[in-house]
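Presented below is the structure to which this report refers.
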Amino acid sequence: MKRFFLGVILAMSCVSPALADDFDPANGWGTSFMRFTGTYLHGNTERPLSPAAGGAVRPAGSPNTTKGSYNNVELAFDLYGFFDQTIFGTFLGGEMSTALGSHGQTSFDTPVATDPAKSKGGTWFKFDFAFDFDVLHFKKGPVAARLVGGLGTGFEYDARRWYLADRNESWRGYTIALARLQVWVREIGFHGSIHYLPNISGAYKQRESRTELCATFGSFAAGVRLNRLSIWTPGVAVPAVGVPAVPGSLVAAKDDKFSQTEFGVFGAYGF
Amino acid sequence: MPCKTRYFRLTTCSLAVAIALTFAYTEKEAHAENGDRMIPITVSAIGTGRYAGRFYEVGAFSGVGGPFSNVKGLVNPIGFSGVRVLENQGYVSKFSLGMLVALAAGMAGDKQLTGSKTERRGDYIVRTDYYRQRTPEEMAAIAAAPGAVMDGEYIMELNVYSSGFLGSTKDRPQASGFEFYLGDRITSSSSQPVSFQWAFAYSKLTVSDALFKAGQGPNATTGTPGATAEHIEKLTYTNLGLMLEFQAPIIGSYLEGFARWDLNVLGKNNGQQDLHGHPFRAGLVVNASDRIFGRAYGSVVGFSTNVGWVLEAGVRL
């Protein structure tokens, strides 16, 4: 136990061995690395119409959803490490991730019936951690690989995100189930990961996934990210055509599903 | 799709995953001979000796009955399918317990309530609380408690039941929910030790579409419409209490037997739909290798003659 937390502290103190040259996944416990990441994402969203303050009137024939887009930038600091192993050779460790970002104002295709106060950009922050299990790993000649699974939890603060602002919430908690495949051929690596994040707080049922594909060379990495979010509304009746909706409520049918997709590029430096 | 076909596919997929993982690990052991691996492990040699070390079990299971095996009047028995995860001496349980104790230690403060007195003063009722300052020794013990808990070794098990794996219908009702156990295991010192486990237990299972025969079911006697014909009712099972388990080797490291009893402190059923039984399970563990296992067990609740069964295939990591 003490060795586990000592490993985390060592990693946070930049004393741990570097990943780039001497990393051996088949002999990998005790290895850890940190990563600074910069990301740009372009977001597309289809969300329920939210009436303007004072009660907007839903025009005849209008849909109850609108599409829009926005830009998002973020800086992240991640920490990964394995510090112990089971009797069957599974490496045990953890990962922590903190990110600070900002998303711009959303531009809507049909802005007339959308509450401007719920379309503004804003700064956001997230923190999460997970227990990692390196269940498969090998190294043969110049090729090395590992498959990691993990479980964890985290929270996100974002007072301007529409699905939070619409319910007068500013943060949400979520659980994490993750899988990560890493393959190296000498110093060139290919990493793919997916994080599945169902929320554990808030008024909406949210299912979010974060997918990352990247190539690494030594300490540098570059790749693409895809974040997908699906939301089920708590069930607010669609107002009849021509009838003012209640301000602050979603103009959505019960169990309607809405989506948000972010896609972009990132660059990282690991050490 | 026929029910048996679904069970067959679930079991086949589980075994395929297990076999694939075995080949992968076998590959690793080949490297062990070359010095790449840190811990060489001989296949099928550990048996019940595994409980002395840190490991995980992940398995997929399917069966019928379980905690609902004593429910009378069902047209079809309640089915189960899901995933079981066991952590032996792992960090998730250490960390979770440590955080809980650290939270309690933080809330304890440096004063202890020794008593209260309530008295009437005119139109007011006044309560006076009396505290004493904790001694330095007590404060040191409180401060050391989280670390002591994290230094301990625990065994944790989570069974997640999902009606989504096989699909729940009135002809094949499936339970959803979970069973959670967290405790400790005492093992003998032999190479194939017998072991005794105790654990805190909490379970919550739900069956939304249990089909009962006419005149049967929890609401059959309460005048619920439909009770005079085949009808669907909702059942829940809640368990809060103590789990006791005894496990022993039968044939070397290949075959083990176990018996488990959930003692439910919630007492009598809370209404006829919310069951609070004491499931007793007994069965076998077959170790195809150190890392691949199968489990089969039967279960009864109380003195019911209805016996449930569960089959599981899994891997150890």
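Among the residues of the range B:270-311, just one is among the basic types (Lys, Arg) and within 14 Å of another protein chain (Cβ to nearest Cβ), namely B:Arg291.
Applying the condition of being part of a strand (DSSP E or B), among the aliphatic types (A, V, I, L, M) and over 16 Å from the mean Cα position of the chain (by Cα) to the range A:121-173 and asking which residue is surrounded by the fewest Cβ atoms within 10 Å (Cβ to Cβ) yields A:Val143. The sole residue among B:Asn269, B:Asn264, B:Asn287 that is at pLDDT 85 or above, more than 19 Å from the chain's Cα centre (by Cα) and of a type in the set (S, T, N, Q) is B:Asn287. Of the residues making up the range B:67-82, none is at pLDDT 90 or above, within 14 Å of chain A (Cβ to nearest Cβ), surrounded by 15 or more Cβ atoms within 10 Å (Cβ to Cβ) and closer than 20 Å to B:Ser176 by Cα. Residues that are under 15 Å from A:Ile200 (Cβ atoms) and within 14 Å of another protein chain (Cβ to nearest Cβ) within the range A:136-188 comprise A:Leu151, A:Gly152, A:Thr153, A:Thr175, A:Ile176, A:Ala177, listed in sequence order. One residue stands out among those in the range A:189-229 that are aromatic (Phe, Trp, Tyr) and in contact with a Leu (Cβ under 9 Å, 6 or more places away or on another chain): the one that is farthest from A:Arg161 (Cα to Cα), which is A:Phe190. Of all the numbered requirements in (1) free of Cβ contacts under 8 Å to residues at least 60 places away in the same chain; (2) within 14 Å of chain A (Cβ to nearest Cβ), B:Gly314 misses one, and that requirement is (1). Given the structure, is B:Leu166 in contact with a Leu (Cβ under 9 Å, 6 or more places away or on another chain) and at pLDDT below 85? Against the criterion (in contact with a Leu (Cβ under 9 Å, 6 or more places away or on another chain) and at pLDDT below 85), B:Leu166 qualifies.
In the range A:216-228, the residues that are buried (at least 16 other Cβ atoms within 10 Å of the Cβ) form Cβ pairs under 6 Å with partners that are among the aliphatic types (A, V, I, L, M) and in a strand (DSSP E or B), at six or more places apart or across chains, as follows: A:Ala221/A:Ala268; A:Gly223/A:Leu213.
All but one of (1) assigned to a loop (DSSP other than H, G, I, E, B); (2) touching a strand residue (DSSP E or B) at 6+ places or on another chain (Cβ under 7 Å); (3) not aromatic (Phe, Trp, Tyr) hold for A:Ile176, so report the exception by its number. If we test A:Ile176 against (1) assigned to a loop (DSSP other than H, G, I, E, B); (2) touching a strand residue (DSSP E or B) at 6+ places or on another chain (Cβ under 7 Å); (3) not aromatic (Phe, Trp, Tyr), just (1) comes out false. Within the range B:94-112, can one find any residue that is without any contact (Cβ under 8 Å) to a residue 60 or more places away in the chain and in a strand (DSSP E or B)? Within the range B:94-112, one or more residues are without any contact (Cβ under 8 Å) to a residue 60 or more places away in the chain and in a strand (DSSP E or B).
Contact map, the range B:35-59: residues that are buried (at least 17 other Cβ atoms within 10 Å of the Cβ) and part of a helix (DSSP H, G or I) paired with residues that are of a type in the set (Asp, Glu) and modelled with pLDDT under 90, Cβ distance under 9 Å, separation 6+ or inter-chain. Pairs shown: B:Gly47/B:Asp290; B:Arg50/B:Asp290.
The values are calculated or read from the model by the stated rules, or taken from the named source; none is laboratory data. Treat the numbers as computed from the prediction; the structure is a model and nothing was measured. So basically every Cβ, Gly included, is an ideal-geometry build from the backbone, and we count neighbours across all protein chains shown.
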